[in-house]
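Sharing a structure here in structure tokens format.
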Amino acid sequence: MVGLPGRKAGGPAPIPPLSSRLLPIALDEKRLEQIGTLNILDFGRANSASLEFFNQYPCRLCVLDAAEPLLAWSRELGERMEEPPSLQQMQLELSGVLSAIGEHRYDLVFLWDTLNHLHEHALPAFGGLLRRHVTKHFRGHGFMLHKRGAEQQLRQLGLIGSEQIAVHSQLATPLFAHNRKIVNEALGSELRIDQGVLHGDGRLEFLMVSGRS
């Protein structure tokens, strides 16, 4: 049997990239040029394709690889719901999990599936933490499980173009599903989901911005 070029016989099939209608808005060249040197926060895992993509911009990049630590923290939080911690305590704990953020403020934040790694009770605490670390020019991009029946997977995502996202890996894992209304209420008045595009897999791709129109 002859294998396909670039693919090992019997190996997993490559995962098709995701097309995005919202990334071009977040990455609008004129807007980014006005900002100058960008501070970028990536909640994903470092990979060569994303680093190559970001290299075209004058920027400072922070990569967190936060999915598994946030999921572990959220599951442990779920076990404490009989006596749930205060908002302040959750923000303190989240600050420890996400300590690599430092004291910087960010113009671009790639959240990927982060909202679905968080227990619903923790969303206001995460919103408060995020508000302290974004600029007035902030744009955030990510996904959320919009349909309850959507397949739940722990995905590692990264940029490969201004309109394409690579899915580097995915593993069936229980996540936390939230709808847009719940997320906007949790974010408070200083952040909001501005636009959303529903994908065929039941996920809502969203663009997050500062303030209210």
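Identify, from the list Leu198, Leu207, Leu175, the residue that is at pLDDT 90 or above and closer than 26 Å to Gly78 by Cα.
None of the other options fit; the residue is Leu175.
Among the residues of the range 121-140, how many are under 13 Å from Val209 (Cα atoms), outside any helix (DSSP H, G or I) and either in contact with an Asp or Glu (Cβ under 7 Å, 6 or more places away or on another chain) or free of Cβ contacts under 8 Å to residues at least 40 places away in the same chain (or both)?
Of the residues in that region, 3 qualify.
Inspect all residues belonging to the range 81-102 and state whether any of them is more than 23 Å from Gln153 (Cβ to Cβ), touching a Ser or Thr at 6+ places or on another chain (Cβ under 9 Å) and touching a residue at least 60 places away in the same chain (Cβ under 8 Å).
yes
Residue check: is Pro174 under 21 Å from Met81 (Cβ atoms) and either under 15 Å from the mean Cα position of the chain (by Cα) or surrounded by fewer than 16 Cβ atoms within 10 Å (Cβ to Cβ) (or both)? Explain how you work it out, then say what you get.
On the way: under 21 Å from Met81 (Cβ atoms): yes; either under 15 Å from the mean Cα position of the chain (by Cα) or surrounded by fewer than 16 Cβ atoms within 10 Å (Cβ to Cβ) (or both): yes.
So Pro174 passes the test.
Moving on. Which pairs have Cβ atoms under 6 Å, sit 6 or more apart or on different chains, and link a residue in the range 56-72 that is surrounded by fewer than 17 Cβ atoms within 10 Å (Cβ to Cβ) to one that is not in a strand (DSSP E or B) and not aromatic (Phe, Trp, Tyr)?
Matching pairs, first to second residue: Pro58/Thr37; Asp65/Arg45; Pro69/Val97.
Here's another thing I want to ask about it. One residue is enough: does the range 109-126 have a residue meeting the conditions at pLDDT 95 or above, among the small types (Gly, Ala, Ser), closer than 22 Å to Gly196 by Cβ and within 15 Å of the chain's Cα centre (by Cα)?
No; the residues of the range 109-126 include none that is at pLDDT 95 or above, among the small types (Gly, Ala, Ser), closer than 22 Å to Gly196 by Cβ and within 15 Å of the chain's Cα centre (by Cα).
Something else: Scan the range 202-210 and give yes if some residue there is of a type outside the set (A, V, I, L, M) and over 25 Å from Leu32 (Cβ atoms), otherwise no. Before the answer, list the steps.
Residues of the range 202-210 that are of a type outside the set (A, V, I, L, M), as a first pass: 202-203, 205-206, 210.
Cutting the leftovers down to over 25 Å from Leu32 (Cβ atoms) gives us 202-203.
So far as the range 202-210 goes, yes, one or more of its residues are of a type outside the set (A, V, I, L, M) and over 25 Å from Leu32 (Cβ atoms).
Determine whether the range 142-160 contains at least one residue that is among the aromatic types (Phe, Trp, Tyr), crowded, with 17+ Cβ neighbours inside 10 Å and not in a strand (DSSP E or B).
Within the range 142-160, none of the residues are among the aromatic types (Phe, Trp, Tyr), crowded, with 17+ Cβ neighbours inside 10 Å and not in a strand (DSSP E or B).
Among the numbered criteria (1) over 25 Å from Ser95 (Cα atoms); (2) in a helix (DSSP H, G or I), which one does Val197 miss?
Val197 satisfies every listed condition except (2).
The values are calculated or read from the model by the stated rules, or taken from the named source; none is laboratory data. Note that the coordinates shown come from a computational prediction; the quantities given were computed from them, not determined experimentally. Don't worry about glycine lacking a Cβ; one is built from the backbone with ideal geometry, like all the others, and counts go over all protein chains shown.
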